[in-house]
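The values are calculated or read from the model by the stated rules, or taken from the named source; none is laboratory data. What you are looking at is a predicted structure, and each value in this text was computed from that prediction instead of being measured. Please note: Cβ atoms are built from the backbone with ideal geometry, for glycine as well, and neighbour counts cover all protein chains shown. Remember, those area values only see protein heavy atoms, side chains included, never the ligands or the DNA or RNA. Shrake-Rupley method; radii C 1.70, N 1.55, O 1.52, S 1.80 Å.
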Amino acid sequence: MKIETRLAQIGNGSDPATGAISAPIYHSTTFAHPALGESTGYDYTRTLNPTRRLLEDAIADLEGGARGFAFASGMAAVHAVLTLFQPGDHIIVSNDLYGGTYRVLEQILRPLGITATYVHTGHLEEIEAAATDATKGLFIETPTNPTMQISDIEACSKLAQSRGWLTMVDNTFMTPFFQRPIDLGADIVIHSATKYLGGHNDVLAGLVVTATPELGERIYFVQNSIGAVLGPQDAWLLVRGLKTLALRMERHMQNAYAIAGWLDARDDVPKVYYPGLDNHPGRDVCARQASGFGGMVSFDVIDARMVPFILEHLKLITFAESLGGVESLMTYPARQTHFDIPEDIRNAIGVTDRLLRLSVGIEHIGDLIDDLAEALDYARDRVLSGARL
Ligand SMILES: *Cc1c(COP(=O)(O)O)cnc(C)c1O
């Protein structure tokens, strides 16, 4: 069955005892043993919970993997995957990386002896150049956050496989609706399900999918041992969000496409980062490996002094961290999500103090463009009054 159908039907039929269409939420932390040495399959909720399992099976199916795992946050999911590495191991990582992942790599793993090198993973020669005898993994975001760099997942996975490295893809921006890295050769897919998968800015969650049962066993061991599992109520909220993922992603992309084109035509917006734009360097690779370009748009304004005026003058679009919900949100990466990344590294990858990131929601496109137009015009008048662009 097609992904739209599988999404809408998650959980339906899972409770034959009552026929519930919406799957029940099992809050029980423990489960009775029928007899000594016997189990219903459920013993204790950290180890396995029926509601969490429904979600875990669903995400494994959607990503085309062997097993799925639900964590208390995207960062808990990232961390669980990175515990597969040992002191002395080296990982090659996309250089325009989610700030929290960078923080885990630099401030938690590096002191433990696990090192990372950051390169543009869209350029295979940069990956090759960064490789050492100790390299054991390749960690990719595509598109990256926030400058929308595109990496060729299939080419990266092939290279990694030929060297015996693990390929991990953070698929938060695309979701399995648009992009399925395991089909392209990746070993592990990670999500901040807080974003598009949940979709309503009301649940914090992370998901991991492994391509093979063997990797699944290793992640399961970490999940059960460390215990940063997703609670049943949140697992249910995520299932509910997933049911409408296809519709939401289509509208997110439609709106983002329109806004990217509109921004690109403005003379006070010198640069727009959206993989669907003809002038985006990764457009062809993105079009080949994904069925859509997503709902995230970043852009530079011509003068950093415009930024506070824009943020203060937006009426519909909310100035807030995060992304992927039905409501449009504007973020200032240099001061928020990427604040932990040193300024020279940030500037080198384009996360300057002139960059804004927009998570385009599912509102009416006319209202979104009106709001952006008013805020940008106002900021331009305040900062550049009299000046010609
Ligand atoms: C938000 C995000 C994360 C972290 O997820 P949390 O749910 O906030 O812990 C990781 N990767 C990407 C790409 C994200 O956007």
³J(HN,Hα) computed for each position of the stretch 54-70 - Karplus, 6.51 cos²θ - 1.76 cosθ + 1.60, integer Hz, glycine/proline x: 4, 5, 5, 5, 5, 5, 4, 5, 5, 8, x, x, 7, 9, x, 9, 10
What is the P(r) of the stretch 3-242, as percent of Cα-Cα pairs per 10 Å bin from 0? 8, 32, 35, 17, 7, 1
For the stretch 1-53, list log₁₀ I(q)/I(0) at each q in 0.26, 0.32 Å⁻¹, using the Debye formula over Cα point scatterers of equal strength and ignoring solvent, two decimals each. -1.03, -1.16
Percent of all Cα-Cα pairs per 10 Å bin for the stretch 29-168, counting from 0 up to the last occupied bin, reads 11, 33, 31, 15, 8, 2
Considering only Thr5, Gln179, Thr47, whose Cα is most displaced toward the positive end of the charge dipole of the chain, charges sitting on Cβ of Lys, Arg (+1) and Asp, Glu (-1)? Thr47
What do you get when you divide the Cα radius of gyration of the stretch 246-384 by 2.2 N^0.38 Å, with N the number of residues? 1.01
Quick check on the stretch 279-327: what does the Kirkwood estimate of hydrodynamic radius come out to from the alpha carbon pairs, in Å? 13.7
Considering the chain as a Gaussian network with a 10 Å cut-off on Cα pairs, which listed residue, Val297, Val239, Val285, attains the greatest mean-square fluctuation? Val285
If each residue of separation counts as 0.36 nm, what is the full-extension length gain between Ala8 and Asp133 once their alpha-carbon separation is subtracted? 40.4 nm
For the chain, with every protein chain kept in place, what is the accessible area per residue (1.4 Å probe, Å²)? 41
Linear extension gain, His27 paired with Arg382, 0.36 nm per residue minus alpha-carbon span: 122.4 nm
What longest range of the chain stays clear of loop-exposed trypsin sites (Lys or Arg not before Pro) (DSSP non-H/G/I/E/B, at most 12 other C-beta within 10 angstrom)? 3-314
In degrees between 0 and 90, to the nearest 10, how far off the longest principal axis of the chain does helix 232-242 point, with axes built from Cα atoms? 50
Under 14 Å from the Cα of Lys158 - aspartates and glutamates, other chains or at least 8 residues apart: Glu125, Glu128, Asp183, Asp187
Please compute, over every Cα-Cα pair in the stretch 112-243, the percentage with a separation greater than 23 angstrom. 39
If you roll a 1.4 angstrom probe over the protein chains with everything in place, what fraction of the accessible area of the chain belongs to carbon and sulfur, to the nearest %? 53
Quick check: the angle from helix 213-226's long axis to the longest principal axis of the chain, C-alpha only, nearest 10 degrees? 90
Figure the gain on full extension for Glu214 and Ala320 (residue separation times 0.36 nm, minus the Cα-Cα span) and round it to one decimal in nm. 34.2 nm
For the stretch 170-175, Karplus couplings with θ = phi - 60° (6.51, -1.76, 1.60), whole Hz, Gly/Pro x: 7, 9, 4, 6, 9, 6
